[in-house]
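Heads up: the structure comes next, in structure tokens.
No lab work stands behind these numbers, since they all come straight from the coordinates. Keep in mind that this is a model prediction, so the values were computed, not measured. A quick note on method: Cβ atoms are made from the backbone with ideal geometry, for glycine too, and the neighbour counts reach across all protein chains shown.
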Amino acid sequence: MEPRLNYFGNSLAGKVLKHINSASKVLSDSTLPHATQELVKIRASQINGCGFCTDMHTKDAAAAGETDQRLHMVAAWREATVFTDAERAALELAEQGTHIADAAGGVTDEAWANAAKHYDEDQLVALMSLIAVINAYNRVNVINQQPAGDYKPGMFG
């Protein structure tokens, strides 16, 4: 598989990615737990069919100490007993926020209230923003047919 264009080598794309990456860094440095951040990025990437991001974030999570069992269970998190209630609330919000065009009502009040039980306002802002940012990355990679599988943890800094 070849990408449609060299997005990562394009100067305009570099300017766009600079801003998206800056937002991503702010979120990474937030108080939203790092494990939760990776789980959310993995789940949104799975839903969007973004192999590049799924590869990247599963490898980054594993390198940070995430267990194989939890990584294998992200797609079936509802039936899995390995996630905390807070992580489950974040995964639900990520799914509903990613499926926004598919759901007539958008994100439900129940999903929001459940997340709000586990995260403070800054963490909710980080969670909401993280869902938006990973969806942006996913869309760039899916549209470009960016190949997946060669990512090495830390290769982007």
Problem - Two-site label geometry, S11 and A132: point separation in nm, points 7 Å out along Cα→Cβ - result: 3.0 nm
Exercise for the section: Apply the Karplus parameterisation 6.51 cos²θ - 1.76 cosθ + 1.60, with θ equal to phi minus 60°, to every residue of region 20-27 and state each ³J(HN,Hα) to the nearest whole Hz, in sequence, with x for glycine and proline. Expected result: 5, 5, 5, 4, 4, 5, 4, 5
Exercise for the section: Just subtract the alpha-carbon distance of H19 and R78 from 0.36 nm times their residue separation and send over the number in nm, one decimal. Expected result: 17.9 nm
Completion exercise
With the 8 Å Cα cutoff and a minimum separation of six or more residues, the chain has a relative contact order in percent of 40 percent
Fill in the blank from the handout: CD proxy, 222 nm, the chain: helix-only mean residue ellipticity via -39,500 (n - 2.57) per DSSP H run with n ≥ 4, per residue, nearest 500, stands at -20500 deg cm²/dmol
Problem - Extended-chain gain in nm, criterion 0.36 nm per residue less alpha-carbon gap, E2 and I100 - result: 32.3 nm
Handout entry: Computed lengthening from N144 to D29, 0.36 nm per intervening residue step minus Cα-Cα distance
Key = 38.6 nm
